[in-house]
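Data first, discussion second: the structure below is written as structure tokens.
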Amino acid sequence: MGLVGGKAAYWFLKRRYPGGSGVPMPEYDTFKAQGISKLGRYFGDKIFSELADKTVVDFGCGHGDNAIELASKGCRRVIGLDIQEHRLDQGRAEAARLGLSDRITFTTQIAQKADVVLSTDAFEHFDDPAGVLKAMRGMLADDGYALVEFGYPWYHPLGGHLFSVFPWAHLLFTEGALIRWRSDFKTDGATRFHEVAGGLNQMTVRRWEKLVAESDFRFGSYELRPIHAARFLHCRLTREWLTSVICAKLVPKS
């Protein structure tokens, strides 16, 4: 993948984007700052009444923003699940500050079955997305379901995240050139896209649909949300390139 590599590509990236400066950020990073509910934006405001009487696992909860919002808007029980204890500690502290500790548990593992498993902004990062789908199914009651939102997919103009220094730059430059440029200001030792902090698995629309088809889930509902400015061009032929966000309800196969 990538057409331009070697010293010339590295030199251009280093001179034009020193220290990663000038890299565009995904629009969902601004939701919290603008006071916009990401859950409401992608699943509709009905999500809060829909989940009010349920036990919900926030899979890969991070600092717990989604878990805390669900609890504050009436969800009966929320379990924030993550592997990073320092993030869970931040979630616990914020839940305590808001008086929500009786509704939220932050943990690295769960034993009980949930009614709903929620995952946001994550499936383009998981190193083993098929394994994650299997794990999510194992957490669910048989009549439960999963709600998944993520983006940008790989062929989106900014699908390379940090590596998309301009639209589709992550497809123009070779992986080697981009990783070498990144190593000038990141110290995690990554040598491939999937090794960067947070992970980047090059998830495409086609790959996502194949993963679900081969999993223990089927689509209950499915939406490919286009780049707003290009929404009139979004169709079956262009969806890989012009899809901004993927939203799905996954229900267990019979």
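Read-outs throughout are calculated quantities, based only on the coordinates presented, and are distinct from any laboratory measurement. This structure is a prediction, so every number in the text was calculated from the model and none was measured. With ideal geometry, Cβ positions are generated from the backbone for all residues, glycine too; neighbour counts draw on all protein chains shown.
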Whole-Hz couplings from phi, Karplus 6.51/-1.76/1.60, listed for the range 242-254; x for Gly and Pro: 10, 7, 9, 9, 10, 10, 8, 9, 10, 10, x, 5, 5
Using alpha-carbon coordinates, inclination of helix 6-16 to the longest axis of the chain, degrees: 70
Karplus 3J(HN,Hα) series, Hz, for the range 63-78 with 6.51 cos²θ - 1.76 cosθ + 1.60 (x for Gly, Pro): 6, x, 4, 5, 4, 5, 5, 4, 5, 5, 9, x, 4, 5, 8, 10
Phi-based couplings in Hz for the range 37-48 (Karplus 6.51, -1.76, 1.60; Gly and Pro marked x): 6, 5, 5, x, 5, 9, 10, x, 5, 5, 4, 6
Sequence ranges 104-110, 17-23, 232-238, ranked by mean other-Cβ count within 10 angstrom, highest first: 104-110, 17-23, 232-238
MRE, 222 nm, helices only [DSSP H, n ≥ 4, -39500 (n - 2.57), over the chain, to nearest 500]: -8500 deg cm²/dmol
Choice from Ala146, Ala130, Ala96 showing the highest fluctuation, given a GNM over the chain with Cα pairs closer than 10 Å: Ala96
Relative contact order, percent, the range 33-176 [alpha-carbon distance under 8 Å, six or more residues apart]: 18
Sequence-distant residues sharing a close amide H with Asp121 (under 5 Å, placed H): Glu149, Phe150, Gly151
Long-range amide H partners of Tyr155 with built H, under 5 Å: Val205
Anisotropy class of the range 98-254 from Cα gyration tensor, a/c 1.5 cut: oblate
Net +/- balance of residues flanking Leu133 in space, Cβ distance below 11 Å, scoring K and R +1, D and E -1: -1
Length gained when the stretch Gln112-Glu209 is fully extended (0.36 nm per residue, less Cα-Cα span): 32.1 nm
